[in-house]
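Take a look at this one; I'll ask things after.
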């Protein structure tokens, strides 16, 4: 994990911005910028592919959910995650890229089923809110060089708390708790 507060100067891939004493301008490591741009392009392209596939398969989502293929639709993305993470050090780069694009497409098929339950407006609102939060936090972390991983333990505790409360609510059936979950998901 990077320590952005480390006073030792660094060079190379993980270098933070440094102040050029002669011009007074901040210079960034070109390799880091190129690498981060490549990662964001792949992720944005993968999300776009998933969205397009989800829209294309949305008319067939009801039929998929009422047939035995529903298990394939639900479990295929998990299979891709296991394959990619298990073979990350053994597969070639081109094989991993093919698996990534296949995962994005299969994830789109899996996500097409949400069109059965939710309206297009609520899906679009959620997508844009999530995209804005991701962009804002990425920009904040990249420009300030703050390590945001400390939020991870706090947020995981919140997710575990919500999961436990959800299981308890299945037995209790509290309408107020259900309303709280709906509002937190908005």
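The values are calculated or read from the model by the stated rules, or taken from the named source; none is laboratory data. Since we're looking at a predicted model, the values are computed, not measured. Every residue, glycine among them, receives a Cβ derived from its backbone with ideal geometry; neighbour counts consider all protein chains shown.
Those residues that are exposed (fewer than 13 other Cβ atoms within 10 Å of the Cβ) and assigned to a loop (DSSP other than H, G, I, E, B), I need them from the range 66-101; list them, please.
Hits for the range 66-101 are 66, 67, 68, 88, 89, 90, 92.
Are any residues in the range 102-135 surrounded by 13 or more Cβ atoms within 10 Å (Cβ to Cβ), within 18 Å of the chain's Cα centre (by Cα) and more than 19 Å from residue 41 (Cβ to Cβ), and if so, which ones?
106, 109, 110, 111, 112, 114, 123, 125, 126 - these are the residues of the range 102-135 that are surrounded by 13 or more Cβ atoms within 10 Å (Cβ to Cβ), within 18 Å of the chain's Cα centre (by Cα) and more than 19 Å from residue 41 (Cβ to Cβ).
Another question, then. Considering the range 102-125 alone, what residues qualify as being in contact with a helix residue (DSSP H, G or I) (Cβ under 9 Å, 6 or more places away or on another chain), under 16 Å from residue 70 (Cβ atoms) and part of a helix (DSSP H, G or I)?
Correct list: 106, 107, 108, 109, 110, 111, 114, 115, 116.
Can you find, within the range 138-150, the residue that is farthest from residue 72 (Cα to Cα) among those that are in contact with a helix residue (DSSP H, G or I) (Cβ under 9 Å, 6 or more places away or on another chain) and part of a helix (DSSP H, G or I)?
Here is the first cut: in the range 138-150, the residues in contact with a helix residue (DSSP H, G or I) (Cβ under 9 Å, 6 or more places away or on another chain) are 138, 142, 146-148.
Subsequent filtering for residues that are part of a helix (DSSP H, G or I) retains 138, 142.
Values: 138: 34, 142: 38 Å.
Step by step, filter the range 138-150, then rank; the result is 142.
Enumerate the pairs (first residue in the range 75-98 and on the phi > 0 side of the Ramachandran plot; second residue anywhere and surrounded by 10 or more Cβ atoms within 10 Å (Cβ to Cβ)) with beta-carbon separation below 7 Å, excluding pairs fewer than 6 apart on the same chain, so at least 6 apart or on different chains.
Taking only residues 6 or more apart or on different chains, not a single pair turns up.
Now a separate question. Just to be sure, is residue 51 part of a helix (DSSP H, G or I) and at pLDDT below 90?
Yes.
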